Structure formats: structure tokens, C-alpha cells
1. Filter the stretch A:120-142 down to residues that are away from DNA strand C (no atom under 16 Å from the Cβ) and surrounded by fewer than 21 Cβ atoms within 10 Å (Cβ to Cβ), then give me how many there are.
2. Pick from A:ALA145, A:ALA206: which is exposed (fewer than 14 other Cβ atoms within 10 Å of the Cβ), out of contact with any helix residue (DSSP H, G or I) (no Cβ under 8 Å at 6 or more places or on another chain) and not assigned by TED's automatic domain parsing to the domain that holds A:THR39?
3. Among the residues in the stretch A:6-17, are any over 16 Å from A:VAL115 (Cα atoms), hydroxyl-bearing (Ser, Thr, Tyr) and loosely packed, with under 15 Cβ neighbours inside 10 Å?
4. Would you confirm whether or not the stretch A:233-243 contains a residue that is within 16 Å of DNA strand B (Cβ to nearest atom), under 22 Å from the mean Cα position of the chain (by Cα) and at pLDDT below 95?
5. Suppose we keep only residues that are within 17 Å of A:LEU25 (Cβ to Cβ) and not in a loop (DSSP other than H, G, I, E, B) within the stretch A:152-176. Which one would you say is farthest from DNA strand B (Cβ to nearest atom)?
6. Taking the stated definitions as given, is A:PHE94 in contact with a Pro (Cβ under 6 Å, 6 or more places away or on another chain) and away from DNA strand C (no atom under 16 Å from the Cβ)?
7. Can you give me the number of residues within the stretch A:29-50 that are assigned to a loop (DSSP other than H, G, I, E, B), touching a Pro at 6+ places or on another chain (Cβ under 6 Å) and of a type outside the set (Asp, Glu)?
8. Which residue pairs have Cβ atoms under 8 Å apart, sit 6 or more places apart or on different chains, and have a first residue in the stretch A:131-151 that is touching a residue at least 12 places away in the same chain (Cβ under 8 Å) and a second that is within 7 Å of DNA strand C (Cβ to nearest atom) and of a type outside the set (Asp, Glu)?
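The values are calculated or read from the model by the stated rules, or taken from the named source; none is laboratory data. Worth saying up front: this structure is predicted, and the values here are computed from it rather than measured. Backbone-built Cβ (ideal geometry, glycine too); neighbour counts: all protein chains shown.
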Amino acid sequence: MKWTLSARPPFFLPAAVRSHGWIQLAPFHREDEEGTAFTYVRELDSGRAVEMRVTGAPGGVSVEVDAALTQDEQAALSRDVAWMLALDLDLSEFYELVRDEPKLAHVERRAQGRVLRSPTLFEDIVKTILTTNTAWGGTKRMVSAVVSQFGAPLPGDAGRHAFPGPERLATSDEETLRNETRLGYRAPYVLALARAVAGGELDLEAYKTSDLPTPELRKEMLALKGVGPYAAANLMVLLGRYDFLPVDSWALKVVSHEWHGGQPIGATEVEAAFEHWGAWKGLAYWFWDWSYLAEGG
DNA sequence: GGTAGACCTGGACGC
DNA sequence: GCGTCCAGGTCTACC
């Protein structure tokens, strides 16, 4: 079955798909380099896995599932896609703010500002933990292993699985996650998170709509084992709070080249460089035009 | 509150 | 092919 969802304009699906590396992580699958369509394998409440195919449509996106769905299941998938692509996000204040900044003036024209996210915060936290202290190739390998070893298989395609819910990961053990899934020292962090959510001690989904002030919400993220300043800031951006910068080695490098002549700098200098953008600094950093660095300038 | 060392893996490098 | 070194954030112990 196939249906459409509307998005608050301006909206351009490839801009969201290409907003960061999440599209390269299972169970996402990008159909082309441009990001005009992607698929995602989602486990329904019944335990059955289905593949969603998302493409651009006039005024929003089209969602296609090659399986029969109940009304409730279709509604749940619609909520997933709306969250993953932030279809209702209002960026008019951000666009107004950055209109005169040459390094950000492109964002409105290209309908940038939405950051692709997973359907659940649990999945995004696990993935974020798996980005820390490793190269991107390691992140892709670890996420792929988590999905293939624990995720519900997609009927008819043994090679694809959904991202496992916390209940599935909670039944694993540190030894397995460490040595078979090869998460290394991150294994106890992922296991503790899964068990806390599965056991009802932690309601991550409530954070999506939390009224907590951003610094308080950040403290909640930092309280999770394996989540430090970088990971917390990354998660805050995914939660639509842009007050903090995810300062990693890449941020130190590009900010140094942009404003400090390539000299070694710390997180303080990165923060200072974007302080001007206030509550939007996370997005300003995310969508800053660093292309000249990639081109070798 | 700040800092040093450990954690784990894969890739680069030298032999 | 093998061994060594290093990069990548966070945690814990210590000052």
C-alpha cells in the first residue's frame, strides 16, 4: 500500500536524507547518491518486519509498504516517517537569522535544516554511542552487526533486518555484544541502555516531546553511560534542540582551519565560533559551508 | 573541576 | 605477513 504525508515547506527529501551519515547505517538503505528515495526496515508492534520505501511527493513524501497493514500499523509508520524527516519542523526563524551569512545563506534555498533521525530515540542513542571513539567504518560495521544479529528479519529478504528494540537487545549479554557483535568496550553501555528501557526504568520516547529546558535535557543524556559531551550534543540536535555543539575531532579540525589558521584548538574555541547563533548554533554548525575544506582549500 | 590513562578496533606504516 | 603506532570520545581514578 502507498500513501502520502505532507511537510511544512520548504521541504526537499534529498536535503534531509543527505543531512548526515545516518542514511548509511542499517536498517536505512539509500537508493541513489542524490537521496531521492530511501528504504527503512521497521519492526511493527506485532513483531513483523516491513520495508518502507520513502520518496519525494508534491508537498511532502510518499510512503510505500509492500505488505498489508492495519490502520493502526499504517498510522504508526506515518508517525515514524514524520519524526524521521521532521516533516512538521518550522525553520523560518533559523532561515531569517542566517539569511545574511554567506556560509549559511544556501540553507533556505536548498531547504536544508532537517536532520535525518531514526524512528526511536533508543536507536539514535545506540547509533550515537557507536559513533564514539571509532572511525566511521567501525560505526557502520557495529550498527550492521547489531541489526543483523538481533533485528527482526524482513520476510522474503534474509539479508535485511529491522533495528532491534530494547527488549531484544536486553536479552543479550555483555560477552556476546563485546565479542560476537564486536562492540568492544561499548557493549556494557548498549546493554545497560537496552535493559533500562526494556525494564521500564527509562522512557526515552518521552524525551521527544519533553518540556524540560535544554540544559536539563542534556543532563539526562549525559547521565547515560557511554554518552559524553559530544554524543549528548549530537542527540540534542536529533531532538530538535540546537543550543549545543557536537564537538568531535572533525569540528576541531574545520573550525581551526576556518578561524585559527590550522592551529590546535579546543572545544572552547569551537563554542566561541558559533556563540553568535544562540539557540540555533547547533544547526549553524551542522549546515555551515565547509565544502572548501573538502576540496582542499 | 581538571587531568591522565585505559578502553577497543581498524587502518596506516615500516620492516 | 607481522608488529607497532595512532586516531577516535568517554569513563574512572586521582589530585
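1. 1
2. Sole residue among the options that is exposed (fewer than 14 other Cβ atoms within 10 Å of the Cβ), out of contact with any helix residue (DSSP H, G or I) (no Cβ under 8 Å at 6 or more places or on another chain) and not assigned by TED's automatic domain parsing to the domain that holds A:THR39: A:ALA206.
3. Yes, that holds for at least one residue.
4. No, there is no match, as no residue in the stretch A:233-243 is within 16 Å of DNA strand B (Cβ to nearest atom), under 22 Å from the mean Cα position of the chain (by Cα) and at pLDDT below 95.
5. This residue is A:LEU154.
6. Judged against the criteria, A:PHE94 is not a match.
7. Number of matching residues: 2.
8. As it stands, the answer is A:THR131/A:ALA231; A:THR132/A:GLY226; A:THR132/A:GLY228; A:THR132/A:TYR230; A:THR132/A:ALA231; A:MET142/A:THR134, since those pairs meet every condition given.
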